[in-house]
Structures are given as C-alpha cells and as structure tokens.
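Here it is, the structure, as structure tokens.
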Amino acid sequence: EQIQMQNLPPHPLLVPLSESIKASAGKMEHSVLDHAAASCQKLGGGSTIFCKSGKDRTGMQVTFKEAQFVQRFIDRKDAVSSEEIFAKATTLRIHGNRVPICEKNAGEAMYAFNPLQAQFMPAMLKPPPITTQWKKPET
C-alpha cells in the first residue's frame, strides 16, 4: 500500500521561499538563497557566509546582506525594494571594509572578477565597475 503525500500549502512565513523554488526549477536563482536566509531569520535562526579565501564572492554576498540589514532594521522598512538594497550594497562595496580586505589579501584594492565572471553573476552580487580592474595575464 502506497502512502500518498498530500500537497499541503507552505507555512505563510515560507511562501516567498516556496515560490522562488518553484520559479527556479532547472536553474540557479539567487532569490532561492535570499529567501531561504530571510525565512531562517524570521524563524529565529542565523546564517553564515563562507568561502575558502573570503575575498571577492564573499564580499559581494556580505555587502548584499549588510544592505538588507540596513534596509530592514535601521531604515525600518518592511517593504524592501531591490533597487534601494542594490544602491546600499553598491555604496558598501565602494566605500566599505571589503575593498581594503581585497588589498590585504591580493595586493590590490580591487575585486578580482574578470568580465566573463561578472557577466554571469546574479545582478545583486555584481561588483560596481569602478571596483574591478581586470588585467589580461602576461604571456
């Protein structure tokens, strides 16, 4: 005898995450990660951002999360606009503490994304062009 699972609706706190998962079938969407983190936060959990070197990709995600934090808790706006978050993240990416970390780790105060990498990054994680300086490798 097979037991069939009923298609129960998701908890109201998890609706945005559920919709992102359904909309992203077959492709990687940053919104899934973002909604998962937001759901975790709403349920009293925390999150960690980690990569092995802690430079460029980590910097993009950290500044994105910082911008969301400012929008939600300092500006006290529940209706979070992606344009406002992106503007705050851009300011943090240019004037925040991540560029000095790049300089310390790589010897240059720039993020090390090449044009091809930047082209395929999710919009909210793209570095401002002024903060990238890709040079062709010498041959």
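Please list, by residue number, every one of the chymotrypsin sites (Phe, Trp or Tyr not before Pro) in region 24-128 that is coil in DSSP and has at most 10 other beta-carbon atoms within 10 Å.
Working: sites: Phe50, Phe64, Phe69, Phe73, Phe86, Tyr111, Phe113, Phe120; in loops: Phe50, Phe113, Phe120.
Listed in order of number, the matching sites are Phe50, Phe120.
Given the chain, what count of lysine pairs have C-alpha atoms under 19 Å apart, with each pair 8 or more places apart or on different chains?
16
Separate question: Between region 8-60 and region 65-135, what's the alpha-carbon centroid distance in Å?
Going from one Cα centre to the other spans 18 Å.
Given the rule -39500 (n - 2.57) for each run of at least 4 DSSP H residues, summed and divided by the residues of the chain, what is its mean residue ellipticity at 222 nm, to the nearest 500 deg cm²/dmol?
Values: 6 runs with 64 residues, N = 139.
Value at 222 nm, helices only, nearest 500: -14000 deg cm²/dmol.
Taken together, the values in this text are just the output of simple stated rules run on the coordinates, not laboratory data. Since the model is a prediction, treat every value here as computed from it, not as a measurement. Glycine also receives a Cβ, built like all others from the backbone with ideal geometry; neighbour counts cover every protein chain displayed.
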